[in-house]
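Written below as structure tokens is the structure these notes are about.
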Amino acid sequence: MPEQTTAIDYVMEAASGPHFSGLHIDNRFISSSRSPSSSLLADSIKQPFVIGVSGGSASGKTTVCDMIIQQLHDHRVVLVSQDSFYRGLSAEESERVHEYNFDHPDAFDTEQMLECIEKLKQGNSVQLPIYDFKNHRRCSESFRQVNASDVIILEGILVFHDQRVRDLMNMKIFVDTDADVRLARRIRRDTVERGRDVNSVLEQYAKFVKPAFDDFVLPSKKYADVIIPRGGDNHVAVDLIVQHIQTKLGQHDLCKIYPNIYVIQSTFQIRGMHTLIRDKDISKHDFVFYSDRLIRLVVEHGLGHLPFAEMQVVTPTGSVYSGVDFCKKLCGVSIVRSGESMENALRACCKGIKIGKILIHRDGDNGKQANISLLIYEKLPKDISERHVLLLDPVLATGNSANQAIELLIQKGVPESYIIFLNLISAPEGIHCVSKRFPSVKIVTSEIDVALNDEYRVIPGLGEFGDRYFGTDD
């Protein structure tokens, strides 16, 4: 069963084709591969983690945001409120302010909000407008300076309403609080902080706030990744959210952009093995030994992304152990010839596994161009369309060969989400190339390198892996 991206709902109220093989000389795959450019590498530069927090008026959004900020004390966090982007009322609107709907999407300058969040995501500072709730106008000479941060929290009743705003978010939280509690909080806030009387607050609530909640806010709840009942009183949910954010902040930035990228957790052992295999003076024997160790770890991690079924067995003590059963419909496919270096590790982990092969010639792979991949040969299991596929290639560089192989598998009837691409190192350019074209293909790697150089070599890289592994280098 393929994994699906589903909303994490912390509901604490009650407690989430036909086979073909042979020689092919006219099957061309041509894609545009360019020399590394600043615009491409900019996508790999550290990106802030953007959190959207929505919910009804006075639901406790600000309290939840404050709790998250306090617990993320090791990171720079900035809070941006949608309220800052209220449109200032004209003189005519001000005279009839009691008839103005402040809870309607048209009450906000969404374009300006989008511009500000996009600038913050790019690492630029912005000046946020300051809104005067008593006069219903923006302070023309005052702004709030906001600098680039590790985490951007955007909160407001309608931050999930516009898809363009939602698309900027890495996590969407909906604060779900009882309507009576929200009304009581709103009366207290508007009378104390905004100088309004109780009757005007109640009239505005019945005429605008509640209808807008039913029409715009509540329907946006379906976009939430996390739902927090009881708002700031729900400490368990907030703690879990903070743990998730801290995990994401510790990941490579490309993992935040593409949810299909998985980098195995780095340890001193893994860093040490990478240090050895990247050393140009290492012996062939040691290169093969430590490469095999790393490949085994990548394979084991990749197997962890396969579907499983719950299973119970009886132990030698007569006890019942509740565990899981491995996925049975599985095969490997290596991209010849470097990918063949990963076959032994796969066989060691999966007894009797079938392994197919794909041979792709990279025309122009001479440091001057690398934009044409030619499918030469393929030999795949006849029933591959029924199997999950572990695609093997130790280095993901431009991504052209990987895309060609994945395209072939899909043509053979393999669902895109059934393909797991395993490699030792990946270049950001290759990740962009594969993930944008095949977003459901999982990529499992042990390290993401800096970039490709002008000759399309991974930097810092480890050279021609196949030649070094099989001893055919000079």
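The values are calculated or read from the model by the stated rules, or taken from the named source; none is laboratory data. In this text the structure is predicted, and so the values were computed from the model without any measurement. Here the Cβ positions follow ideal geometry from the backbone for every residue, glycine too, while neighbour counts run over all protein chains shown.
The helices (runs of 4 or more DSSP H) falling completely within the stretch 156-206 that include 3 or more residues that are among the β-branched types (Val, Ile, Thr) and in the same structural domain as Ile68 (by TED's automatic domain parsing) map to 179-192. Scanning the stretch 396-419 for residues that are assigned to a strand (DSSP E or B) and surrounded by fewer than 24 Cβ atoms within 10 Å (Cβ to Cβ) gives a single hit, Ile419.
Out of curiosity, is Val458 β-branched (Val, Ile, Thr), surrounded by 19 or more Cβ atoms within 10 Å (Cβ to Cβ) and modelled with pLDDT under 95? Yes, satisfied.
Does any residue of the stretch 248-267 turn out to be exposed (fewer than 13 other Cβ atoms within 10 Å of the Cβ) and not in a loop (DSSP other than H, G, I, E, B)? So far as the stretch 248-267 goes, no, none of its residues is exposed (fewer than 13 other Cβ atoms within 10 Å of the Cβ) and not in a loop (DSSP other than H, G, I, E, B). Apart from one condition, Ile270 fits all of (1) assigned to a helix (DSSP H, G or I); (2) over 30 Å from Ile425 (Cβ atoms); the exception is (2). Number of residues in the stretch 287-346 that are in a loop (DSSP other than H, G, I, E, B), closer than 23 Å to Gln265 by Cβ and over 26 Å from the mean Cα position of the chain (by Cα) equals 1. Do we have any residue at all in the stretch 314-329 that's in contact with a Gly (Cβ under 9 Å, 6 or more places away or on another chain) and among the aliphatic types (A, V, I, L, M)? Checking the stretch 314-329: not a single residue is in contact with a Gly (Cβ under 9 Å, 6 or more places away or on another chain) and among the aliphatic types (A, V, I, L, M). Scanning the stretch 303-330 for residues being surrounded by 12 or more Cβ atoms within 10 Å (Cβ to Cβ), within 26 Å of Glu378 (Cβ to Cβ) and either aromatic (Phe, Trp, Tyr) or out of contact with any Cys (no Cβ under 9 Å at 6 or more places or on another chain) (or both) gives a total of 3.
Within the stretch 441-466, can you find the residues that are outside any strand (DSSP E or B) and either touching a strand residue (DSSP E or B) at 6+ places or on another chain (Cβ under 8 Å) or not assigned by TED's automatic domain parsing to the domain that holds Met273 (or both)?
Val441, Asp449, Val450, Asn453, Tyr456, Gly461, Leu462, Phe465
Might you let me know whether the stretch 400-416 holds any residue that is closer than 24 Å to Ser266 by Cα and in contact with an Asp or Glu (Cβ under 9 Å, 6 or more places away or on another chain)? Looking for residues that are closer than 24 Å to Ser266 by Cα and in contact with an Asp or Glu (Cβ under 9 Å, 6 or more places away or on another chain), one finds none in the stretch 400-416, hence no. The residue of the stretch 102-135 that is surrounded by the fewest Cβ atoms within 10 Å (Cβ to Cβ), among those that are acidic (Asp, Glu) and within 19 Å of Phe208 (Cβ to Cβ), is Asp106. Only helices (runs of 4 or more DSSP H) whose full extent lies in the stretch 1-98 are considered here, and the ones with at least 2 residues that are touching a Pro at 6+ places or on another chain (Cβ under 8 Å) and modelled with pLDDT under 50 are 38-42.
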